[in-house]
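What follows is one structure encoded as structure tokens, with my remarks underneath.
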Amino acid sequence: MLKNKLNQKINVNKKAILIISLLFTFFLIYNIFCYTNNQVEALSRYGSRGNEVIQIQTKLKRWGYYTGSIDGIYGSKTVEAVKYFQRKNGLTVDGIAGTKTLSAMGITSSSSSSGSTSSSSNVNLLSRLIYGEARGEPYAGQVAVGAVVLNRVKSSSFPNTISGVIYQSGAFDAVSDGQINLSPNSTAKSAAQDAINGWDPSYGAIYYFNPSTATNKWIWSRPLTVTIGKHRFCK
């Protein structure tokens, strides 16, 4: 009888150890999954430090979203600036610079490739700008709008990236009114790719406007390069 009770107690202890081991294993796997997932989805967040944070702060400060110092530390001011950017650009407002937010800023997880004008993220962003600004215009006019963005990238008077030019404060109505967040059609995508490939129907223009709706007298003083559809392109 005593031996049976002892065996039962041993069996109970084995079951308890097995359950504890299973729970521990599950907990370990769950934490590894969460950590890995966070590394993918939340590349920079409150408390992060490093070059990527510097890029975020630099871009947001250039575009007027961030007023703090560029110190590479993802503090409360950076969080608020990221939220401001997300809110203005139709992104999830969580203050975390995940893949979608970084893509909208023109930043990839590999900082060395973030400035490439031929990257898929740049083609997508440029096509969204073209669709928001010039859908319904002749195809050459849509390419010309893309060319204006690229001409600004090359100019020392403007930011030196596609995202920097597009998101520069007050630069494009499509950004101000949210049309930048519309899904571009195949025509806008082709126009963006043609512009990036080097076609410039604007003949080096860095500005364009619609003469029938323009209210800024200064823009009329700019030298005309070409008129395509409803847009007047100028330097």
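Answer yes or no: is there a residue in region 139-160 that is closer than 20 Å to R232 by Cα, surrounded by 22 or more Cβ atoms within 10 Å (Cβ to Cβ), of a type in the set (G, A, S) and out of contact with any strand residue (DSSP E or B) (no Cβ under 6 Å at 6 or more places or on another chain).
Checked region 139-160: at least one residue is closer than 20 Å to R232 by Cα, surrounded by 22 or more Cβ atoms within 10 Å (Cβ to Cβ), of a type in the set (G, A, S) and out of contact with any strand residue (DSSP E or B) (no Cβ under 6 Å at 6 or more places or on another chain).
Return the residues of region 205-235 that are farther than 22 Å from S156 by Cβ and in a loop (DSSP other than H, G, I, E, B); say none if nothing qualifies.
The answer is N210, P211, S212, T213, A214, T215, N216, K217, G229, K230.
For residues in region 91-107 being among the polar types (S, T, N, Q) and not in a loop (DSSP other than H, G, I, E, B), which is surrounded by the fewest Cβ atoms within 10 Å (Cβ to Cβ)?
Here the answer is T99.
Would region 159-169 turn up any residue that is more than 17 Å from the chain's Cα centre (by Cα) and assigned to a loop (DSSP other than H, G, I, E, B)? I'd like the intermediate steps shown before the answer.
Step one: of region 159-169, the residues more than 17 Å from the chain's Cα centre (by Cα) are none.
Looking through region 159-169, none of the residues is more than 17 Å from the chain's Cα centre (by Cα) and assigned to a loop (DSSP other than H, G, I, E, B).
Take region 131-140 and flag every residue that is more than 25 Å from the chain's Cα centre (by Cα) and part of a helix (DSSP H, G or I).
Y139, A140, listed by residue number.
Evaluate region 188-204: report whether one residue or more is assigned to a strand (DSSP E or B) and surrounded by 13 or more Cβ atoms within 10 Å (Cβ to Cβ).
no
Could you pull out the residue among S190, S221 that is more than 24 Å from the chain's Cα centre (by Cα), of a type in the set (G, A, S) and farther than 28 Å from F85 by Cβ? Even if it seems obvious, please write down each step before you answer.
Values: S190 fails: more than 24 Å from the chain's Cα centre (by Cα).
When all the criteria are applied, what remains is S221.
Starting from region 126-145, take each residue that is at negative phi and acidic (D, E) and list its partners that are buried (at least 24 other Cβ atoms within 10 Å of the Cβ) and assigned to a helix (DSSP H, G or I), counting only C-beta distances under 8 angstrom and pairs at least six apart or across chains.
E133/V145; E137/V145
Checking V149 against (1) modelled with pLDDT of 95 or more; (2) part of a helix (DSSP H, G or I); (3) over 22 Å from K88 (Cα atoms), only one condition comes out false. Which one?
(3)
What do you reckon, is A214 small (G, A, S) and either assigned by TED's automatic domain parsing to the domain that holds L60 or at pLDDT below 90 (or both)?
For A214, the condition - small (G, A, S) and either assigned by TED's automatic domain parsing to the domain that holds L60 or at pLDDT below 90 (or both) - is met.
When residues of region 56-88 are filtered for being without any contact (Cβ under 8 Å) to a residue 40 or more places away in the chain and in a loop (DSSP other than H, G, I, E, B), how many remain?
The total comes to 10.
The values are calculated or read from the model by the stated rules, or taken from the named source; none is laboratory data. Just so we're clear, the structure is a prediction, and the values are computed from it rather than from any experiment. Using ideal geometry, Cβ is built from the backbone for each residue, glycine included, and neighbour counts are taken over all protein chains shown.
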